[in-house]
Amino acid sequence: DTNSDLENLKKLLQAYSKLNNIPLDIDIYNNSRVLINNVSYFREKEYSIYFLDIIMDKNGIDVAKELREVTPDVPIIFTTSSKEFAINAFKVQAFDYILKPLKKEELFSCLDKLITSMQVAVKASFNIKLNNLSIVTININEITYIEQKDRRLMFHMNDGTSHLTTS
């Protein structure tokens, strides 16, 4: 809700990035409508994490609800001075709710947990040997359904493709 809070968050994120050798590309929005438009209507940007305040030009919970409609799986971390909205934040599946003033240790701990959970999600895949003897990696989140055909499995994917395993 203030430029000094934004600069402090940006500085802490850059320090985390440097400490952990994780490249970051940080965009700052002072207007929630511009963020929503860039993410949902214009599809100009894709983000891995959203940091939102509760007190903005629009209520942060309402912004999170709009973001959830377009990017349901992107983690949202609220950084705010408003204690009273914490329960509502988790109704929009917030990853965390950190009170200001931001403390380096608290933010870094939150980011460590978030990165660990993202790595676990990435590992939710496996390799299968196909009928043509090639090997393909299947992400479990991309499977629509699995069909058994004789002693083989047919993996039907969200994008409309399918993969038949060897017997």
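Shape class for the range 1-86: oblate, because the ratio a/c of the largest to smallest gyration tensor axis (alpha-carbon atoms, square roots of eigenvalues) is 1.5 or more and b/c is at least a/b.
Magnitude of the charge dipole for the chain, about its Cα centre and with charges confined to Cβ atoms of Lys, Arg (+1) and Asp, Glu (-1), is about 480 debye. Note on H156 and L130: their simple-model spin labels are 1.9 nm apart, each label 7 Å out from Cα toward Cβ.
Ordering I76, I26, I135, I55 by how much accessible area each has at a 1.4 Å probe, largest first, what is the list? Intermediate values should be presented prior to the final figure.
Numbers: I76 0, I26 50, I135 120, I55 80 Å².
Ranked list, largest accessible area first: I135, I55, I26, I76.
Looking at the P(r) of the range 68-161, how many percent of alpha-carbon pairs lie beyond 15 Å? Intermediate results must be reported in sequence, preceding the final value.
Numbers: 3169 of 4371 pairs.
The share of Cα pairs beyond 15 Å in the range 68-161 comes to 73 percent.
Full-extension gain between Y47 and K83, please, as 0.36 nm times their residue separation minus the C-alpha to C-alpha distance.
So the chain would gain 10.4 nm between Y47 and K83.
The slack in the chain from L114 to V34, taken as 0.36 nm per residue of separation less the alpha-carbon distance, amounts to 26.2 nm.
Order T165, T137 by their accessible area, 1.4 angstrom probe, all chains in place, largest first. Don't skip to the answer; put the middle values down first.
On the way: T165 15, T137 90 Å².
Most to least solvent-accessible, the answer reads T137, T165.
For the listed residue pairs K11/K100; K10/K91; K45/K100; K10/K45, the alpha carbons are over 20 angstrom apart in K10/K91; K45/K100. Cross-link reach is defined here as a Cα-Cα straight distance under 25 Å, omitting same-chain residues fewer than 8 places apart; for K149 the lysines meeting it are K129. Convex hull volume of the Cα atoms of the chain, normalised per residue: 143 Å³. Each residue of the range 39-47 was assigned a 3J(HN,Hα) from its phi angle through the Karplus curve 6.51 cos²θ - 1.76 cosθ + 1.60 (θ = phi - 60°); the sequence is 7, 9, 8, 8, 6, 6, 10, 10, 10 Hz, with glycine and proline shown as x. Residues whose amide H falls under 5 Å from that of L153, counting only those 5 or more places apart or on a different chain, are T165, with hydrogens built in the peptide plane.
Which residue fluctuates most in the GNM of the chain (Cα springs below 10 Å): K91, K113, K149? It is K149. Consider a paramagnetic label point 7 Å from the Cα of T71 along Cα→Cβ; state which residues of the range 15-40 have an amide N under 15 Å from it. Those under the cut-off are 24-40.
The values are calculated or read from the model by the stated rules, or taken from the named source; none is laboratory data. None of these values were measured; they are calculated from a predicted model. All Cβ positions, even for glycine, are placed from backbone atoms using ideal geometry, and neighbour counts span all protein chains on display. Please note that ligands, DNA and RNA were not included when accessible areas were found on the heavy atoms of the full protein model with its side chains. Shrake-Rupley method; radii C 1.70, N 1.55, O 1.52, S 1.80 Å.
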